[in-house]
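Heads up: the structure comes next, in structure tokens.
The values are calculated or read from the model by the stated rules, or taken from the named source; none is laboratory data. All values reported here derive from a predicted model rather than from experimental measurement. Don't worry about glycine lacking a Cβ; one is built from the backbone with ideal geometry, like all the others, and counts go over all protein chains shown. Note: accessible area is taken over every heavy atom of the protein model, side chains too, but ligands, DNA and RNA are not part of it. Shrake-Rupley method; radii C 1.70, N 1.55, O 1.52, S 1.80 Å.
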Number of protein chains: 2
Amino acid sequence: MHFTVIVFASALSVITFALDNGLMRTPPMGWLAWERFRCDIDCEHDPKNCISESLFIDMADRLAEDGWRELGYVYVNIDDCWSSKERDQQGRLQADPKRFPGGIHKLARYMHDRGLKLGIYGDMGTLTCGGYPGTPLDKIEIDAQTFAEWEVDMFKYDGCWSNATEQEQGYPLMSKALNATGRPIGYSCSWPAYQGGLPPKVNYSQLGEICNLWRNYGDIDDSWDSILNIIDWFFENQEVLIPAAGPGRWNDPDMLIIGDFGLSIDQSRTQMALWAIMAAPLFMSNDLRTINSRARSILQNKMVIGINQDPMGIQGRRILKEKSGIEVFWRPLSNNASALVFFSRRNDMPYRYPTTLSKLNYTTGSYKIFDVFTDKTTMLKDSTEFVVSVNPTGVVMWYISAPAKPNHHQFYKRAHFIVRYKECFCTS
Amino acid sequence: MHFTVIVFASALSVITFALDNGLMRTPPMGWLAWERFRCDIDCEHDPKNCISESLFIDMADRLAEDGWRELGYVYVNIDDCWSSKERDQQGRLQADPKRFPGGIHKLARYMHDRGLKLGIYGDMGTLTCGGYPGTPLDKIEIDAQTFAEWEVDMFKYDGCWSNATEQEQGYPLMSKALNATGRPIGYSCSWPAYQGGLPPKVNYSQLGEICNLWRNYGDIDDSWDSILNIIDWFFENQEVLIPAAGPGRWNDPDMLIIGDFGLSIDQSRTQMALWAIMAAPLFMSNDLRTINSRARSILQNKMVIGINQDPMGIQGRRILKEKSGIEVFWRPLSNNASALVFFSRRNDMPYRYPTTLSKLNYTTGSYKIFDVFTDKTTMLKDSTEFVVSVNPTGVVMWYISAPAKPNHHQFYKRAHFIVRYKECFCTS
């Protein structure tokens, strides 16, 4: 009897707070084709970069062999332009036969054999954004079944060529249809991005019940301006967005563009740090075959991934905007730990930002600080004045343990620390 | 008698076309403090980065020991905030005694001992932009003499706190005063930047007669937006600017920010390539003590430096602006050679740009192509269709030799080349 009660309570809490497919209790991680490879279907002239099964096989091999999978990057996600322009004689979607000669089911097995998962893409309209067959209302059931038969693990449902009324019907209907297949399929909804991302047009309680993640805002591009634009929108609207997120249901500020062409090293660290603060899905869109070692080390940083994947799943917030262009972000983590990010919007030189932990809402105590991108560890008392040097368009990111109870040894270390600290807490 | 005539003609041509100090027959190269270190005078808390003699000594050591000097980077240039807030009892400028305890003359000797040159900074107003003593009209003669006594090699004359009338008197007067010292001192004028950079307010013929280089436009910042803004202005006004430039007299689009915080690798290559096309002075403003190897290899690329330093000194131009966001730039070089740059303004993915050399105004013939950033060499016939793959915000840069006269061997190589070429001429 006790057993039954516990199960019931647990099931209830899941139903109340998130889609009941049990998936994505932490933000999903993996790779997604769109930003880097778009709708390149010219396999004749551009065979290494066109949307084809060999592109996804290449990326799967890299994820499995280059240390990505072990860190959690397990989804390999197809985006637009994968299908034939025509459905088959049974009315089912089918992959483009030239570019995916083995078909999607075989590709899914390739992923599963390597401990990876396959994601696929569809659209609520009659056509996808790229002009391929869509999945309008009357095709939802058959397409959900097709994806399940193919053993697909995730589905992104885009919104081109559909209106608000259709979306209001279609996005919940697809959720039901995917659940009805019996196969756990992570469900990414572009719905809110097509409705401005804010209430009253967007109902985040409902989204949390039908989708595992959702795109709130426009597409990311390969530029720092695009990152800034996304950061601005998400943190200006944080009071709306933070309560929407939690285990199994995530705001999605779009792909990681680290390793592409438009970001400096500092800007890459900034994207990684703030996506971790936001508890954002981490889908890289880059070329894992040629990625350079600096970009890889940022994407494979275990501490920032650990912060992103914190099991409490509480989305963080901006707590300070200084006139100097310095902003401070904070996210509460399990075990009374937390993450802090100091970010500089400046374009001149590293800025020396003086503050104390107590100014950042840390209560009395002594804290162990891990610098995420330099691996340095120090102790810091709440009242100690310190200076962080933040690079232009860069960040300093800290993982902060629960406050320690002071003892003699720690007092000694702290005093030692203060001296070093006053010099400079540098990142570069 | 013949000898006299030749000397006279030569002197005449110098007077007609450029400042007659004989300096900077190719664009000057070196390091300049401003963009990276600004007016940081806090040597107590930031001793490694404050404007002080040790900063310039550090950079001189790096230039001399890390291969920069041999490539032409010989100027070590002080910018604003170097001086004491007061002139000395004789009315002369003096360095800040705490930050430059050895004084400027000793610093100049330090440079000369290492085969380097020292540049210094002043301003036409009563105060510099940073609030230090300026060099208004009545101080021009004494300051020019002081700089010469200190054995300074270059002088940048800024324009804060001065009006158009003062500038019209002061910039030529300083030119005369520097010449009158008998010491060759390269002369950088900020004058046109304070007058909008364009005729009729700016007289480029006059500038070429009194200055070795001049800032036409606003200050650069550590951002890609700043680079784009500068590129736009200089190439939109190229018909005015190109005739102004030549040996001894250069348009200055401001410092190289490669190795700082705001540019990706591709964007760094773009700045280097387009500054070479513009025959721009190459003053790096970065931290040579910590610069990473990728940035260094771009700044130390011999072929792009060679293009920048071409002895003809003809400034290049934009020859094509495509709707796709691809732009093509061209600069004529000595020995009937030339440089081409393909630049992409896109923010999505590498763009495959199809063209032929004849479409880019190359006449009949077969050309040897050196890819500046990949070191690949190929032959290309004027009529051969090829595709260059240009990264977002990146460039492909070619050095193109004079057309070769075809022979059997070359015909063979060319045919071989075409096949490879049609695949893709990739940079990454």
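Could you size up the charge dipole of the stretch B:317-401 around its Cα centre, putting +1 on the beta carbon of Lys and Arg and -1 on that of Asp and Glu, and report it in debye to the nearest 20?
Dipole about the Cα centre, nearest 20: 220 debye.
Taking all protein chains as present, what is the carbon and sulfur share of the accessible area of the stretch A:158-202, in % to the nearest whole number, probe 1.4 Å?
That share works out to 57 percent.
Over the Cα atoms of the stretch A:317-401, what Rg and Dmax result, in angstrom?
12.3, 38
If the limit is 24 Å between Cα atoms, which of B:K156/B:K176; A:K321/B:K48; A:K48/A:K139 go over it?
Over 24 Å apart, Cα to Cα: A:K321/B:K48; A:K48/A:K139.
Give the relative contact order (percent, whole number) for chain A; include only Cα pairs under 8 Å separated by 6+ residues.
Relative contact order here is 13 percent.
From the label point of A:G91, set 7 Å from Cα along Cα→Cβ, how far away are the matching label points in the other copies, in nm, ordered shortest to longest?
Here A:G91 shows inter-copy label distances of 9.7 nm.
Would you mind pulling out the separation of the Cα centroids of the stretch B:224-276 and the stretch A:323-341, in Å?
38
Out of the stretch A:186-290, which GluC sites (Glu not before Pro) are coil in DSSP terms and have no more than 14 other C-beta atoms within 10 Å?
Loop-located and lightly packed - none at all.
By the scheme Lys and Arg +1, Asp and Glu -1, what is the net charge of all other residues having a beta-carbon under 14 Å from that of A:Y73?
With Lys, Arg at +1 and Asp, Glu at -1, the net is +1.
Excluding ligands, DNA and RNA, what is the accessible area buried between chains A and B, summed over both sides, using a 1.4 Å probe, to the nearest 100 Å²?
Roughly 2200 Å².
Using a Gaussian network model on chain A with a 10 Å cutoff between Cα atoms, which of A:G170, A:G67, A:G186 fluctuates the most?
Per the Cα network of chain A with a 10 Å cutoff, A:G67 tops the list.
Computed on alpha carbon atoms, what radius of gyration and Dmax characterise the stretch A:54-95, expressed in Å?
Taking only Cα atoms of the stretch A:54-95, I get Rg and Dmax of 14.4, 42 Å.
Pull up the DSSP beta bridges for the protein assembly as shown and report the antiparallel fraction as a percent, rounded to 5.
So the antiparallel bridges in the protein assembly as shown amount to around 60 percent.
Quick one: label points 7 angstrom along Cα→Cβ at B:T181, distances to the other copies in nm, smallest first?
Shortest to longest, the spacings are 7.8 nm.
Identify the residue of chain B whose Cβ lies closest to the rotation axis that maps chain B onto chain A, and give that distance in whole Å.
Result for the axis mapping B onto A: B:S264, 3.
Restricting things to Cα coordinates, could you compute the convex hull volume per residue of the stretch A:29-309 in Å³?
119
Okay, helix-only estimate at 222 nm for chain B: each DSSP H run of n ≥ 4 adds -39500 (n - 2.57), divide by all residues, round to 500 deg cm²/dmol; what do you get?
-10000 deg cm²/dmol
Go through B:E141, B:E53, B:E35 and list them by solvent-accessible area, largest first, probe radius 1.4 Å.
Largest accessible area first, the residues go B:E141, B:E53, B:E35.
When all protein chains stay in place, what accessible area (Å², nearest 10, 1.4 Å probe) is found for B:S334?
20
Starting from the stretch A:194-261, pick out the trypsin sites (Lys or Arg not before Pro) whose DSSP state is loop and whose Cβ has at most 15 other Cβ atoms within 10 Å.
Here the sparse-neighbourhood loop sites are A:K201.
Kindly give the distances from A:D58 to its copy-mates, label point to label point, with each label point 7 Å from Cα along Cα→Cβ, as nm values to one decimal ordered shortest first.
Once sorted, the set of distances for A:D58 reads 4.2 nm.
Based on C-alpha coordinates, I'd like the Rg and Dmax of the protein assembly as shown, in Å.
30.8, 121
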